[in-house]
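A short worksheet on the structure shown next.
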Amino acid sequence: MNRQRIVAGNWKMNKTFDEGRDLALSIVKRIGPIETLVILCPPFIHLNYLASVTKGIANVRLGAQNCHFENSGAFTGEVSALMLQSIGVEYVIVGHSERRAYFAETNELLAKKVDAILSHGMHPIFCCGEKLDIREAGTHLEFVSQQINDSLFHLSKKQFSKVVLAYEPIWAIGTGKTASPLQAQEMHAYIRSIIAAHFGDDLAFLTTILYGGSCKPSNSKELFSQPDVDGGLIGGASLVAEDFVSIVNSF
């Protein structure tokens, strides 16, 4: 078996309802019969409509950008994994660097979210990555290892097989610094090695690890050619249909 190649579009907090509808339809219209799995992760207001747009399309799935770990309750402004599952969401981004930074999400909290997502039959897209000071201190490998250990290594092999990982080199996003394809490969290979150490080589080989560091049409082909880079979690470029589909076709 080969690893699943994935390109996921994280729209973040962008697009009105009409703009999101037009973007989704434009993306779906441009995607041909490919083996790469495409996941659209819009803001919550778009999910129900996009569920109808993506239904029945073999290589397109629907993802959410976040969820709460409880099924229901007095959590004003939150959306539960149960709610997402009920409208056809199959993937949920967990622990994005912006959630960690702006909403103080901890590794322990993210472990609870991962559990909630898995308990409702969905796939977590678990984000990990280091800031510039950690990279410059040379402790980036240990830092990312701790994120994964604290949030994912309580899972069984069967549970972990449903997880997609996404590496975000936070130090290279909006800083003027660039993460090279070789730097991406180094971290992806390291992540795969710690999965192998915990769960065994077979599961590590089959685990999809995405790159989430300013991937765009001009660099996606070189990034995706690295042996341990299985696709991308795309931010800004996912908001332009032509750019996003160009990245999808980079394989």
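The values are calculated or read from the model by the stated rules, or taken from the named source; none is laboratory data. Given the structure is predicted, the values throughout are model-derived calculations rather than measurements. Cβ coordinates were reconstructed from backbone atoms using ideal geometry, including for glycine residues, and neighbour counts include every protein chain displayed.
Residue by residue, here is whether (1) in contact (Cβ under 8 Å) with a residue 60 or more places away in the chain; (2) over 20 Å from TYR102 (Cβ atoms); (3) of a type outside the set (Val, Ile, Thr) holds:
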{"position": "LYS15", "(1), (2), (3)": "yes, no, yes"}
{"position": "ALA24", "(1), (2), (3)": "no, yes, yes"}
{"position": "PHE44", "(1), (2), (3)": "no, no, yes"}
{"position": "LEU84", "(1), (2), (3)": "no, yes, yes"}
Open item on the list: Condition first: of a type in the set (S, T, N, Q) and in contact with a Phe, Trp or Tyr (Cβ under 8 Å, 6 or more places away or on another chain). Can you find one or more residues in segment 25-38 that meet it?
Closed with: yes
Task: Test: GLU90 is of a type in the set (Asp, Glu), surrounded by fewer than 23 Cβ atoms within 10 Å (Cβ to Cβ) and under 28 Å from ALA204 (Cα atoms) - done: yes
Task: Residue ID - farthest from GLU108 (Cα to Cα), chosen from residues in segment 24-75 that are of a type in the set (D, E, K, R) and surrounded by 13 or more Cβ atoms within 10 Å (Cβ to Cβ) - done: ARG30
Task: Residue identified as of a type outside the set (A, V, I, L, M, F, W, C), in contact (Cβ under 8 Å) with a residue 40 or more places away in the chain, in contact with a helix residue (DSSP H, G or I) (Cβ under 8 Å, 6 or more places away or on another chain) and over 18 Å from ILE247 (Cβ atoms) among ASN107, ASN10 - done: ASN107
Task: In segment 110-134, the residues that are part of a helix (DSSP H, G or I), at pLDDT 95 or above and touching a Lys or Arg at 6+ places or on another chain (Cβ under 9 Å) - done: LEU110, ILE117, LEU118
Open item on the list: Among the residues of segment 31-43, are any polar (S, T, N, Q), within 18 Å of LEU84 (Cβ to Cβ) and either within 21 Å of the chain's Cα centre (by Cα) or at pLDDT below 95 (or both)?
Closed with: no
- [ ] State whether the residues of segment 126-143 include one that is under 17 Å from the mean Cα position of the chain (by Cα) and more than 23 Å from GLY212 (Cα to Cα).
- [x] no
TODO: Please state which of the following conditions TYR91 fails to meet, knowing it meets all the rest: (1) within 16 Å of LYS12 (Cα to Cα); (2) in contact with an Asp or Glu (Cβ under 7 Å, 6 or more places away or on another chain).
DONE: (2)
